[in-house]
Amino acid sequence: MDLPGISPVLLIASLMVSATPILLAAIGETVVEKSGVLNLGVEGMMIVGAVVGFITAVNTTSPALGFVTAAIAGALLSTIFATLVLFFKSNQVATGLGLTLVGLGISALLGKPYEGIKSPTLQAFEIPVLSDIPVLGPMLFSHDPMVYISILIVAAVWFVLKYTRIGLVLRAVGENHDAAHALGYKVIRIRFMAIMFGGACAGLGGAYISLVRVPQWTEGMTAGAGWIALAIVVFASWKPWRALLGAYLFGGITVLQLNLQAAGVAIPVEYLSMSPFLITILVLVIISAKGNHGAPASLGRLFHASN
Amino acid sequence: MIRFEKRLAPSRTTTILTPIIAVILTMIAGGIMFAALGKDPFEAIRIIFWDPLFDENFASYSRPQLLVKAGPLILIAIGLSVGFKAGIWNIGAEGQYIMGAIFGAAAALAVYPAESPFIFPAMIIAGAFGGWLWAMIPAVLRTKFKTNEILVSLMLVYVAESILASVAQGLLKNPDGYGFPGSRNLQQYPSAFNGEVIANSGMHWGVISAFIAVIFTYVMMTRHIRGFEVRLMGEAPKAAQFAGVSTTRLIVFCLGFSGALAGLAGMFEVAGPAGQITIDFNSGYGFTAIIVAFLGRLHPVGILLAGLLMALTYIGGELAQLMLGLPGASIQLFQGMLLLFLLATDMFTNYRIRLGAAQ
């Protein structure tokens with residue numbers, strides 16, 4: 001099979017770009033789930049981040065500001081989920097789903113006047129010295145800043161969860177909220193913060209789609225990225241670096257199938273575009289078949305402090 | 001100090017009251033949203049909830065539409081509610097709906113243009129089978145490999161959408177369609193057409209099936225051992241295990257049941273109101289049905305009423321789009337808000353509020 005136009009350098013470079021939104025959302029959700037809460041509203045928070053970031057960037061001509069407002073919007077939306085789940089003790093699955101529906105509605109409403117406009121996008125940030133290395137330079141070190149920020153967030157989450165007191169407390173809350181409560185940790189407060197962090201990350205991820213990857217606004221443009229992020233958290237066994245690996249693997253598949261589409265391979269477009277989802281399911285099956293793989297013990301369980 | 005105290009058993013009064021309160025709260029919040037969009041909130045609410053049923057200009061068209069829209073919603077939601085009660089989360093009904101439609105339409109198109117009274121029953125079986133088959137994927141993966149059924153069923157929606165796009169342009173494309181994507185129109189194929197049973201009522205076979213499903217599920221949940229097992233599994237999984245309830249069999253049953261009903265809904269839709277398989281045939285019924293299931297308190301009769309109410313917001317929403325230029329997305333937002341308000345008020349059925357410090 002002849003595949004012109006698929007160069008490994010470009011493939012890896014665009015893989016990193018296409019993986020970044022999912023990586024951001026997945027690392028945020030990792031923290032949320034580590035605290036023992038399952039937020040299925042990732043897709044909704046992402047798309048709201050995408051539209052708010054886009055609107056800000058178009059109106060202020062500053063993509064950086066777009067990312068900031070997207071993170072705030074994502075975090076604000078997640079407070080609805082946090083309030084319902086933590087204070088009103090609602091079902092986490094249903095509430096997350098409701099959040100996704102609301103997010104899709106809000107974004108479509110807000111984004112209507114902005115359809116068909118191009119947004120200012122991030123400039124590539126060439127890391128000095130490193131970007132001059134042949135092959136590796138353009139492949140790894142000549143991306144826009146958000147690609148590196150996303151990796152830094154992963155590193156920070158890994159460090160905080162593993163080596164700091166606050167990370168230990170967060171994990172304790174996620175493993176056994178009754179014990180953590182008995183020790184005097186504020187289960188509700190910690191979870192609320194974790195959920196907001198997850199919302200902010202999802203917002204950033206969404207904005208990355210509308211500001212860098214596309215960069216345009218179309219209704220429903222996250223197209224399932226939030227759900228894939230949720231799958232990657234499971235794939236990663238709730239470990240930050242594995243989330244990076246998972247997101248990049250997934251990004252690779254996405255880029256490869258897009259390239260195959262462009263190269264006009266004899267596989268129908270529809271089958272190529274469903275391949276990322278099929279492969280995600282396959283990976284989920286392999287991971288879950290291996291048995292217990294470190295899911296936080298209190299994940300999805302209701303916490304009610306009885307005096 | 002406000003405290004929440006867990007009730008020993010859910011309160012019956014609040015169980016019935018909370019959906020009504022949630023609807024009222026949604027109307028208020030929606031009214032604020034409409035006002036923010038620069039529309040008269042009272043007029044908007046009236047157009048959505050009152051005019052489709054009682055306005056003399058629209059009612060003759062809208063009233064039959066109510067059943068047309070409520071039919072698939074109720075059919076899907078009834079199936080989902082059984083699984084939700086057992087704690088089995090099939091959120092991919094949209095995909096099962098699509099597969100049911102594809103299988104149902106394919107069964108008819110395979111024998112086109114033959115006429116026979118057996119074609120429609122065959123389509124019903126094919127539609128239910130398509131949805132069931134699609135739901136069996138998460139069921140088997142869950143029971144064999146413990147794979148999360150939420151993620152798998154949801155991701156299969158995107159796969160089903162791709163298959164839909166593929167068959168609309170390939171396998172099921174109308175050979176006489178001048179190259180346009182989309183299948184033959186089943187409305188012009190008498191043996192396959194799911195027409196109105198009573199003229200101008202909107203009552204097609206899908207709506208009748210929805211009513212049958214409501215009665216069937218009610219009897220099953222209250223009178224049959226399977227219904228008892230479902231409730232036991234949802235409320236006390238450990239007790240269910242001790243009682244010898246097979247988790248595997250229950251998961252397969254719940255996903256299969258909801259998948260088959262969603263598939264039926266898709267088949268009735270493609271053979272009736274929609275008429276043909278097109279790229280964008282699905283319209284989100286599978287997701288809205290989740291709201292319907294919760295709004296109906298996972299109870300068959302509640303779901304019947306909730307389905308009618310949700311159908312009303314669809315029709316009223318279209319009317320408001322037409323009359324006020326209200327964006328279509330605001331109805332989607334409206335429905336999402338309803339679910340969130342419902343979940344928020346839900347607490348009062350399981351907890352009672354106590355003022356003052358703990359004793």
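The values are calculated or read from the model by the stated rules, or taken from the named source; none is laboratory data. Small disclaimer: the values here were computed from a predicted structure and weren't measured. Cβ atoms come from the backbone with ideal geometry, glycine included; neighbour counts cover every protein chain shown.
Before moving on, here are some points about what is shown:
- Count of residues meeting criterion [at pLDDT 75 or above, closer than 23 Å to residue A:250 by Cα and either in contact with a Phe, Trp or Tyr (Cβ under 8 Å, 6 or more places away or on another chain) or surrounded by 18 or more Cβ atoms within 10 Å (Cβ to Cβ) (or both)] in region A:287-300: 4
- For region B:108-135, the tally of residues that are outside any helix (DSSP H, G or I) and of a type outside the set (Asp, Glu) stands at 6.
- Unique match (being more than 12 Å from every other protein chain (Cβ to nearest Cβ) and of a type in the set (A, V, I, L, M, F, W, C)) among A:255, A:269, A:234: A:255
- Cβ pairs under 6 Å, 6+ apart, first in region A:105-117 and within 10 Å of chain B (Cβ to nearest Cβ), second assigned to a loop (DSSP other than H, G, I, E, B) and surrounded by fewer than 22 Cβ atoms within 10 Å (Cβ to Cβ): A:108/A:219; A:109/B:327; A:112/B:327
- Of the helices (runs of 4 or more DSSP H) that lie entirely inside region A:153-226, not one contains 1 or more residues that are free of Cβ contacts under 8 Å to residues at least 40 places away in the same chain, aromatic (Phe, Trp, Tyr) and surrounded by fewer than 23 Cβ atoms within 10 Å (Cβ to Cβ).
- Members of region A:211-231 that are within 12 Å of chain B (Cβ to nearest Cβ) and either in contact with a Pro (Cβ under 6 Å, 6 or more places away or on another chain) or among the acidic types (Asp, Glu) (or both): A:219, A:225
- If you go through region A:91-104 and pick out every residue that is at the interface with chain B (Cβ under 7 Å from one of its Cβ atoms) and buried (at least 23 other Cβ atoms within 10 Å of the Cβ), you end up with 7.
- Residue B:193 vs. criteria surrounded by fewer than 19 Cβ atoms within 10 Å (Cβ to Cβ) and not in a helix (DSSP H, G or I): yes
- So residue A:241, is it touching a residue at least 12 places away in the same chain (Cβ under 8 Å), more than 14 Å from chain B (Cβ to nearest Cβ) and part of a helix (DSSP H, G or I): yes
- Any hit, region B:163-172, residues being of a type outside the set (Ser, Thr, Tyr), surrounded by 23 or more Cβ atoms within 10 Å (Cβ to Cβ), facing another protein chain (nearest Cβ under 10 Å) and within 30 Å of residue B:298 (Cβ to Cβ): yes
- Residue identified as in a helix (DSSP H, G or I), within 14 Å of chain B (Cβ to nearest Cβ) and modelled with pLDDT under 90 among A:86, A:10, A:15, A:77: A:86
- Restricting region B:197-226 to residues that are crowded, with 18+ Cβ neighbours inside 10 Å and of a type outside the set (A, V, I, L, M, F, W, C), the residue that is farthest from residue B:263 (Cα to Cα): B:202
- Condition met for residue A:196 (under 21 Å from residue A:160 (Cβ atoms), more than 10 Å from chain B (Cβ to nearest Cβ), hydrophobic (A, V, I, L, M, F, W, C) and in contact with a helix residue (DSSP H, G or I) (Cβ under 8 Å, 6 or more places away or on another chain)): yes
- Of all residues in region B:127-162, those satisfying the criterion of being of a type in the set (A, V, I, L, M, F, W, C), more than 19 Å from the chain's Cα centre (by Cα) and facing chain A (nearest Cβ under 7 Å) are B:141, B:145, B:159.
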